[in-house]
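K.L.:
Have a look at the structure that comes next, please.
The values are calculated or read from the model by the stated rules, or taken from the named source; none is laboratory data. Fair warning: this is a prediction, and the values are worked out from it, not measured in the lab. A quick note on method: Cβ atoms are made from the backbone with ideal geometry, for glycine too, and the neighbour counts reach across all protein chains shown. The accessibility values were calculated without ligands, DNA or RNA, using every heavy atom of the protein model including side chains. Shrake-Rupley method; radii C 1.70, N 1.55, O 1.52, S 1.80 Å.
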Amino acid sequence: MIRYRKDTSLLPFNTFGIDVKADHLFHLRDRGELAEILAHPAFRIVSEDMSNMLILGQGSNILLTHDYSGVVIRNEIEGIRLLEENEDYVVLEAGAGVIWQDMVAYAVSRNLAGIENLTLIPGTVGAAPVQNIGAYGVEAAGVIVSVTGFHFATRGWLTLDNKECRFGYRDSIFKHELRNRMLITSVVLKLSKVLRPQLGYGGIREALAERNITHPSLMDISDAVARIRRAKLPDPATLGNAGSFFKNPVVGEKELETLQRSFPGIRYFRQDELYKIPAGWLIEQAGWKGHRHGDAGCYDRQALVLVNYGSATGEEILHLAEEIKRSVYERFGINIEAEVNII
Ligand code: FAD
Ligand code: EPU
């Protein structure tokens, strides 16, 4: 029997802690249940363009701005299975509902390298390819072999290899052509038995040095990332948020030079031929860090994170985000784009 609820609150299912209702909510625990959902009378209201259907994982990258009049499918497909192993690597298939941090813990405890820098990112394995999660110099795209899911328009199963996923910085085909059109049910990952530490980003080296670690194990790296993250990012269990609200803008060399002339202190990080400007810095310079209006706020330890101090509505958070976006544009001429999915 599938788990289905009508007129139900989505409060337990989003990390911003927004209390809105959904007309219909299905919990999907294995692929076999999908046929039952498709045949359910409630599913008939889903329009052809799927615009009134929402696929949810842990709800850690969404902002719900109104009651959802449509169908929500929450992916809870479990299981990690070994597909291939040799002396250099393993290939694993994980159910889309596996909690990402459980996947990281599984890998780190077995000395499988590749996702240790992605420690403590909230959410599910199935959402990892959607925005190509990344942190501390590593992206999920680096280990994803393929992504499998159900394609609603053709009512068939689809597998995309890494290249077909068209991964970019916080981007993939699942945010464009396949947005809401494919329900990801499993992801295949290739993890290495050879440790190639990526320590050059965001203070990992310093965090290891603090503990006098010169030859870090996977567990040491994972612990260091966890410590850095806990110091900077709010825990959604105590303060509602969805991580970085905006993406870091990326500019070319000429644009950077122009910006540097007007703002000599501007921060940037080189990325191939381009430069990433930390949106957190732009927002802080624009005076928003620590700002609070009602229960909607800009986090005082990381300006890129918007927070819900209790009973902010999605609209109030969105309003604050729009004000921040406008003021960053007025001051720097840079358009910052939301990373969070606004529903
Ligand atoms: P949801 O929020 O439920 O969904 C996100 C999007 O993916 C939605 O559009 C949804 O429709 C779609 N989706 C979800 N599951 C599926 C599926 N099975 N099939 C098809 N579409 C699907 N992100 C980073 O990249 N790096 C970070 O360092 C990072 N740090 C964070 C820290 C905090 C404290 C928080 C709260 C969030 C952070 N995030 C970070 C954002 C978030 O963790 C990721 O985007 C995560 O992948 C979202 O997973 P989810 O299961 O919660 O997805
Ligand atoms: N900064 C400020 N003020 C702030 C925050 C940041 O000046 O309030 C500047 C500092 O110069 C700092 C720089 O911004 O050195 C970068 O800050 P941080 O290392 O905290 O990273 P970020 O660019 O703000 C990105 C990701 C995070 C990811 C971290 C670590 C995006 C949009 N965000 O944040 O991902 O965890 O790097 O790799 O790319 C997420 O996507 O939800 C997320 C949390």
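K.L.:
Tally Lys/Arg at +1 and Asp/Glu at -1 over every other residue whose Cβ is under 14 Å from the Cβ of Asn86; what's the total?
P.N.:
For residues surrounding Asn86, the net value is -2.
K.L.:
Shifting gears a bit: Report relative contact order for segment 248-343 in percent, whole number only (criteria: Cα-Cα under 8 Å, sequence separation at least 6).
P.N.:
21 percent
K.L.:
Step through the residues of segment 182-192 one at a time and calculate ³J(HN,Hα) from phi using the Karplus curve (6.51 cos²θ - 1.76 cosθ + 1.60, θ = phi - 60°), rounding each to whole Hz and writing x for Gly and Pro.
P.N.:
10, 9, 6, 10, 7, 9, 9, 10, 10, 10, 9
K.L.:
Taking a point 7 angstrom from the Cα of Asp295 along the C-beta vector, which residues in segment 222-260 have backbone N less than 16 Å away?
P.N.:
236-242
K.L.:
OK, next. What does the extension gain come out to for Val145 and Lys232, with contour length at 0.36 nm per residue minus their alpha carbon separation?
P.N.:
Full extension from Val145 to Lys232 adds 28.2 nm.
K.L.:
Still on this structure, please answer the following. Calculated FRET efficiency, His40 and Arg179, Cβ-Cβ r, R0 30 Å, to nearest 0.05?
P.N.:
0.85
K.L.:
Please report the spacing between the Cα centers of segment 163-222 and segment 31-76 in Å, no decimals.
P.N.:
What the calculation gives is 28 Å, centre to centre.
K.L.:
Stokes-Einstein D for the chain at 10 °C, 1.306 mPa s, Kirkwood Rh over Cα pairs, in µm²/s?
P.N.:
Taking Rh from Cα pairs, D becomes 75 µm²/s.
K.L.:
Which value, in debye to the nearest 20, gives the size of the charge dipole of segment 240-342 about its Cα centre, when Lys and Arg are +1 and Asp and Glu are -1 at the Cβ?
P.N.:
Using Cβ point charges on Lys, Arg, Asp and Glu, segment 240-342 gives about 300 debye.
K.L.:
For the chain, what relative contact order do you get, as a whole percent, if you take Cα pairs closer than 8 Å and at least 6 residues apart?
P.N.:
This gives 16 percent for the chain.
K.L.:
First compute the accessible area of the chain with a 1.4 Å probe, then give the percent of it belonging to carbon and sulfur atoms.
P.N.:
Here it works out to 48 percent.
K.L.:
Rounded to the nearest 500 deg cm²/dmol, what is the calculated helix-only ellipticity per residue at 222 nm for the chain, with -39500 (n - 2.57) per DSSP H run of length n ≥ 4?
P.N.:
-6500 deg cm²/dmol
K.L.:
Would you work out the relative contact order for segment 72-120, in percent, from Cα pairs under 8 angstrom that are 6 or more residues apart?
P.N.:
Relative contact order comes out at 29 percent.
K.L.:
Once you charge only the Cβ atoms, +1 for Lys and Arg and -1 for Asp and Glu, what is the size of the charge dipole of segment 3-75 about its Cα centre, to the nearest 20 debye?
P.N.:
220 debye
K.L.:
Per residue, what accessible area does the chain have, given a 1.4 Å probe and all protein chains present, in Å²?
P.N.:
With all protein chains present, the chain gives 48 Å² per residue.
K.L.:
Any idea which of Val108, Ala35, Ser47 is furthest toward the positive side of the dipole for the chain, if Lys and Arg beta-carbons carry +1 and Asp and Glu beta-carbons -1?
P.N.:
Result: Val108.
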